[in-house]
Amino acid sequence: MTRILGIETSCDETSAAVLEGAGDEVTQKSLVILSQDIHVFGGVVPEIASRAHLTSIVPVVDRALQEAGTTLGDLDAIAVTNTPGLVGALLVGVSYGKALAFASNIPLVGVHHMEGHLFATALEHRDAVPPFTALLVSGGHTLLLDVEAWGKYRLLGATRDDAAGEAFDKVAKLLGLPYPGGRYVEELARRGNPKRFNFARPMVRKNALPKDEEYYAFSFSGLKTAVLNAVRGSKDIDTDKADIARAFQDSLIDTLVEKAARGVLEFSRQRLVLGGGVACNTTLAVAMRKKLEPEGVAVFTPTPRLATDNAAMIARAGFFRFEKGERAGLDLNAYASSPIPGLVAA
Ligand code: KG4
Ligand code: ZN
């Protein structure tokens, strides 16, 4: 049995978790997430985020060990996110992970944040294991992947501009909602009339074929501009904003569902796994189920705590990499961006 500590500091959550188990039988023993409440500037300020990680990392890790009833000496490995993310923020976790590993003579594993999101759902759903189609939708990424096996990923599509969560956040700002705005937009959209506004579905053409360049690609900046124009054109934004939120969300979700369904169909998968902060959106999950369940495809979504950034998913992906024999040296570095490991040719 392996016991592993995960550390995540890629953006604005300082998080640590302990997992133990073997193979796909992994149990979460603890998960501590400290969300930074410092969005006074309407977004994440890298310098402020790094400083907040610095003050939180020690107590957050201590608490995760304590809640798991374990000590550093009982760990088999430490997994830490080293890419992608804000370099200054990542460096806090990477440096602390390295120091702990060195001081306690424990192996260290570097984890790709998006591979973490890919594993998150499997912590809660035994059947959310490969082969499956994965749609990862977060504040920084929109990735559609075919997952043949853990560690074997075919990148089907990504966003050409804004990530899905970023689109939600920008639209929230246009509608005068707080940051991060995804859940406020979803809430507002519930009261919206779907017929008042109609925004085009980006990158979705009827009868598109897999060889078409845009078959799997995403783009949300045009949709954001459509929202901006609707806001500017509104004579009474307080009355219109729920309808605008509704039209925006309908268009974005339709696109996500259509592209995910294309991936499921092409590879004849029976499972679709959602991950990333936008997977908290229950309207998305409902739409995905409505489209795919009649086709015999099971849709798995993580609960909000595991959908948004957390260290349990990092420990879980690190667990897989550790069992494969991967080890990071003390020269492990942080990188703002890098491709998810294990990509096979499309
Ligand atoms: O995965 P995550 O916690 O952080 C990144 O790695 O980016 O995702 C955060 C994103 C934000 O853009 C936030 O607005 C979005 O997830 N989000 C939502 C909802 N809850 C969080 N978007 C749409 N609907 C929601 N209910
Ligand atoms: Zn994330």
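Each value in this text was obtained by applying a stated rule to the coordinates, not by laboratory testing. These numbers come from a predicted model, not from an experiment. Using ideal geometry, Cβ is built from the backbone for each residue, glycine included, and neighbour counts are taken over all protein chains shown.
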Quiz prompt | Lys/Arg +1, Asp/Glu -1 at C-beta; the chain dipole; positive extreme among Pro194, Tyr179, Gly165 | solution = Pro194
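Could you please rank Val278, Val87, placing first whichever residue has the fewest other Cβ atoms within 10 Å of its Cβ?
Val87, Val278
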Practice problem: Summarise the long-distance tail of P(r) for the range 290-346 by giving the % of C-alpha pairs beyond 13 Å. | Solution: 79
Quiz item: Using alpha carbon centroids, what distance separates the range 289-346 and the range 126-173, in Å?
Solution: 10
Quiz item: Relative contact order, percent, of the chain when contacts are C-alpha pairs under 8 Å separated by at least 6 residues?
Solution: 25
Exercise. Once every Cα of the range 231-325 carries one equal point scatterer and solvent is ignored, give the base-10 log of I(q)/I(0) from the Debye formula at q = 0.11, 0.22 Å⁻¹, two decimals.
Key: -0.47, -1.08
Quiz item: Nearest-5 percent of antiparallel DSSP beta bridges in the chain?
Solution: 60
Self-check item: Cβ-based charge dipole, the range 289-346, positive-most Cα from Phe300, Gly325, Pro341
Solution: Phe300
Exercise. Please arrange Ile253, Ile106 by counting, for each residue, the other beta carbons lying within 10 Å of its beta carbon, fewest first.
Key: Ile106, Ile253
Practice problem: Give me the net charge of Leu91's neighbourhood, meaning all other residues with Cβ under 15 Å from the Cβ of Leu91; Lys, Arg count +1, Asp, Glu -1. | Solution: -2
Self-check item: Fewest-first ranking of Lys241, Lys173, Lys324, Lys206, using other Cβ atoms within 10 Å as the exposure measure
Solution: Lys206, Lys324, Lys173, Lys241
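Counting only C-alpha contacts under 8 Å and six or more residues apart, can you give the relative contact order of the range 161-214 as a whole percent?
19
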Quiz prompt | Relative contact order for the range 109-239, counting Cα pairs under 8 Å that sit 6 or more residues apart, in percent | solution = 19
Quiz item: Which whole-angstrom value gives the distance between the alpha carbon centres of the range 1-68 and the range 259-286?
Solution: 26
Practice problem: Report, in debye and to the nearest 20, how large the dipole of the range 223-346 comes out about its Cα centre when Lys and Arg carry +1 and Asp and Glu carry -1 on their Cβ. | Solution: 200
Exercise. Only helical DSSP H runs with n ≥ 4 go in: add -39500 (n - 2.57) per run for the chain, normalise by residue count and round the 222 nm mean residue ellipticity to 500 deg cm²/dmol.
Key: -13000 deg cm²/dmol
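Which pairs, out of Lys29/Lys291; Lys98/Lys324; Lys206/Lys235; Lys173/Lys195; Lys29/Lys170; Lys173/Lys291, put more than 25 Å between their alpha-carbon atoms?
Check vs 25 Å cut-off fails for Lys29/Lys291; Lys206/Lys235; Lys29/Lys170; Lys173/Lys291.
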Exercise. Bin width 20 Å, alpha-carbon pairs only: give the P(r) of the chain as whole percents, running from 0 to the bin holding the largest distance.
Key: 32, 56, 12, 0
Self-check item: Unit charges at the beta carbon, dipole of the range 130-231: most positive-side option, Phe218, Asn229, Pro130
Solution: Asn229
Self-check item: the range 9-16 - phi-based ³J(HN,Hα) in whole Hz, Karplus 6.51/-1.76/1.60, Gly and Pro as x
Solution: 9, 6, 9, 10, 10, 9, 9, 9
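Given Cβ point charges of +1 (Lys, Arg) and -1 (Asp, Glu) and nothing else, what value in debye, to the nearest 20, does the dipole of the range 113-227 about its Cα centre take?
With Lys and Arg at +1 and Asp and Glu at -1, about 600 debye.
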Quiz item: About its Cα centre, how strong a charge dipole does the chain have in debye, to the nearest 20, once Lys and Arg get +1 and Asp and Glu get -1 at the Cβ?
Solution: 880
